[in-house]
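Structure first, then comments.
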Amino acid sequence: MSASVCVLGSSSRGNATAISFDDSGKFVLVDAGLSPRRVRQSFVDAGASARFHTLRAIFLTHLDRDHWSPGWVRQLQRAPVPVILRRAHAEMALSMGVPPACLRPLDGPFRLGDTADVQPIAVPHDELGSTAFRFDCEHARIGHATDLGAVTDDLLEAFANLDMLSIESNYDEQMQRESTRPYFLKSRIMGGRGHLSNEQALVAAQTLTAAGSVQHLVLLHLSQQCNRPELARSLFTAALPSMANALVISRPDAPTPLMRIRRSEVAIA
Ligand SMILES: [Zn+2]
């Protein structure tokens, strides 16, 4: 038995990650910024249809358009599943069409059925913040953090001893500064409540992989205007050579390979 993860797409054009905690074919989505049709197509593209065939819940980091596609409103009316988010996002979710009967606002950690313990961690992003999630199931310990302007101590603490770390690596600082983007946008992105730069993501990854248990290190949400996959890859592999084979860079328009995780046997001090 193993857990499986596939990042179906990740960019400002849409984010969604599928996680299966076991071999049952049931899966959860973290973010639903791709339409239901694209999610289904991504499973085919990734060769993962057998692995992900029954959606059991949607976790939302926040409600920006690239994390919540309006196509899910009708889908959830037809086939309701819980939409799980921090209580701070509940009102926004209702205004974006999440059916009230599906809404599950969180005030803290909880257990998802008999499969996984879930810990939501508030992280700084625009006015309402975003949410990082830690999932602990029998087969894996998975951390997912995207759309955060800074790596907080709370996040580092919650993400200790993971088997899989997915973290945003949004922009190259020089490309951001030299871009033609307006000043207000650059300040929003780089001002501590926007997105993580490659360098900020690297510093977090260095801390969070130090225990030696991380089998997959996934970079999320690369900016198409202010980043390049090869730039991020060379930065990470130079600074973290031991993670070079574990490094996966998500793409805007195609799923990552299916990543299987078995809980690491590495002893934790
Ligand atoms: Zn986003």
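The values are calculated or read from the model by the stated rules, or taken from the named source; none is laboratory data. For clarity, every value in this text was computed on a predicted model and none was experimentally measured. All Cβ positions, even for glycine, are placed from backbone atoms using ideal geometry, and neighbour counts span all protein chains on display.
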Considering (1) over 24 Å from LEU106 (Cα atoms); (2) in contact (Cβ under 8 Å) with a residue 40 or more places away in the chain; (3) of a type outside the set (A, V, I, L, M), say which one GLY14 fails and leave the rest. (1)
Filtered residues of region 31-70 (kept if among the β-branched types (Val, Ile, Thr), more than 12 Å from the ligand (Cβ to nearest atom) and crowded, with 24+ Cβ neighbours inside 10 Å): VAL39
Restricting region 12-30 to residues that are of a type in the set (Ser, Thr, Tyr) and buried (at least 24 other Cβ atoms within 10 Å of the Cβ), the one nearest to the ligand (Cβ to nearest atom) turns out to be THR17
Of the residues in region 235-269, those that are over 20 Å from ALA46 (Cα atoms) and in a helix (DSSP H, G or I) come to LEU235, PHE236, THR237, ALA238, ALA239, PRO241, SER242, MET243, ALA244
Which strands (runs of 3 or more DSSP E) sit wholly inside region 122-186 and have at least 3 residues that are within 16 Å of the ligand (Cβ to nearest atom) and either among the hydroxyl-bearing types (Ser, Thr, Tyr) or on the phi > 0 side of the Ramachandran plot (or both)? none
Got a sec? Which of ASP107, ASP66, ASP114 is touching an Asp or Glu at 6+ places or on another chain (Cβ under 9 Å) and charged (D, E, K, R)? ASP66
So ALA79 passes all but one of these: (1) at pLDDT 95 or above; (2) more than 16 Å from the ligand (Cβ to nearest atom); (3) surrounded by 13 or more Cβ atoms within 10 Å (Cβ to Cβ); (4) not basic (Lys, Arg). Which condition number does it fail? (3)
Can you find, within region 219-234, the residue that is farthest from the ligand (Cβ to nearest atom) among those that are more than 15 Å from ASN15 (Cβ to Cβ) and outside any loop (DSSP other than H, G, I, E, B)? SER234
Checked against (1) crowded, with 17+ Cβ neighbours inside 10 Å; (2) under 29 Å from VAL39 (Cα atoms), GLU230 satisfies every condition except (1)
When you scan region 225-248, do you find a residue that is without any contact (Cβ under 8 Å) to a residue 60 or more places away in the chain and at positive phi, even just one? no
